[in-house]
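Structure, as structure tokens:
The values are calculated or read from the model by the stated rules, or taken from the named source; none is laboratory data. This one's a predicted model, so the numbers in the text were calculated from it and none came from an experiment. When we count neighbours, we look across all protein chains shown, and the Cβ atoms used for this are built from the backbone with ideal geometry, even at glycine.
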Amino acid sequence: MTTQPPPYGNQPPYGQQPPPPPPLPPATAQAGFGPPPPQYAYAPTSPQPHVSGPEFMAVDRHNSIVVDTQGVAFEDHGMSVDFPWQEIRSVHYKATPSGKALMVAVVLPDGRFYECVVEAKPRARLGEWFAQLSAVLGYYRPTGW
């Protein structure tokens, strides 16, 4: 005959299962919580129209910068952040001191700013990016803000 070791903590001995928990009473939803009733659910009848406009994209092996009709989007080593045009105070760009990469900064109305750097390979691509980015930002921000 073998003996089992004593249970640890408040666990039952091996081979014995605790009784099932008592059933929960039916949940009653409070007004204003949870999904809307079916009669108020939004069901689009047609897809949203595609708004077109110029786009800018700069990509390297780790980072990317996209400027389009939605706003500015940065991706830095897998982490991404989107800035809609309504939330942007200004957008600035320049070359890094080494002249090998594009730096873009988005400034928000409260003064916070976010930057993203994309390496230009070959280096001549940096000039192309400046021309494209200037045109796209001029389209979406004609007054330069």
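A few remarks follow.
Condition check ((1) under 29 Å from L102 (Cα atoms); (2) part of a strand (DSSP E or B); (3) in contact with a strand residue (DSSP E or B) (Cβ under 8 Å, 6 or more places away or on another chain); (4) modelled with pLDDT of 55 or more) across all residues:
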| residue | (1), (2), (3), (4) |
| --- | --- |
| P25 | no, no, no, yes |
| Q30 | no, no, no, yes |
| P35 | no, no, no, no |
| Q39 | no, no, no, no |
| P44 | no, no, no, no |
| A58 | yes, yes, yes, yes |
| S64 | yes, yes, yes, yes |
| E75 | yes, yes, yes, yes |
| V81 | yes, yes, yes, yes |
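- Note on the stretch 88-112: residues that are under 20 Å from the mean Cα position of the chain (by Cα) and surrounded by 13 or more Cβ atoms within 10 Å (Cβ to Cβ) amount to 10.
- Tabulated pairs, the stretch 75-102, first free of Cβ contacts under 8 Å to residues at least 12 places away in the same chain, second assigned to a strand (DSSP E or B), C-beta under 7 angstrom, 6+ apart or interchain: S80/A73; S80/F74; K94/M103
- Selection from the stretch 91-111 of residues that are among the charged types (D, E, K, R) and assigned to a loop (DSSP other than H, G, I, E, B): K100, D110
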